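The values are calculated or read from the model by the stated rules, or taken from the named source; none is laboratory data. Note that the structure is a prediction, hence the values are computed from the model and not measured. For neighbour counting, all protein chains shown are included, and Cβ atoms are generated from backbone atoms with ideal geometry for every residue, glycine included. SASA here: full protein model, heavy atoms, side chains in, ligands and nucleic acids out. Shrake-Rupley method; radii C 1.70, N 1.55, O 1.52, S 1.80 Å.
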Amino acid sequence: MPPEYIRVFAHSNALLVSHLHNVLVASGIPAELRNMTLGGGAGELPLGECEPEVWIAPHNRERAEALIRESLEGGSAGPDWVCSGCGETLEGAFDTCWNCGTHRPG
């Protein structure tokens, strides 16, 4: 039986919710998107029931909340780095070289 999921993020901006869902999934945390199409029901349904949401298994809560907080604060970018494949200087937010596709070491 799959674990019961808990809500870790909700917001009226579906793009932001989708982005944070992608951040969690890319970090190895299985996550579900819910209420992505209920925005049109706002007014007929309570606003809190219509917001897009991200749900995860409870044992991932602490790590997920930390990743969400980092993403919202913009603190996840590391220092700039130089690509070992082509020598291009890249901003710390990027894990892959735009020029040659080499992944950042480490």
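Observations on the structure shown:
- When restricted to residues that are open to solvent by less than 60 Å² (accessible area, probe 1.4 Å) and among the basic types (Lys, Arg), the stretch 50-103 contains 0.
- In the stretch 1-98, counting only helices (runs of 4 or more DSSP H) that sit wholly within it, the ones holding 1 or more residues that are more than 20 Å from the chain's Cα centre (by Cα) and at pLDDT below 90 span 47-50.
- Close pairs (6 angstrom Cβ cut-off, 6 or more residues apart or separate chains): in contact (Cβ under 8 Å) with a residue 12 or more places away in the chain in the stretch 81-106, basic (Lys, Arg) anywhere: 81/104
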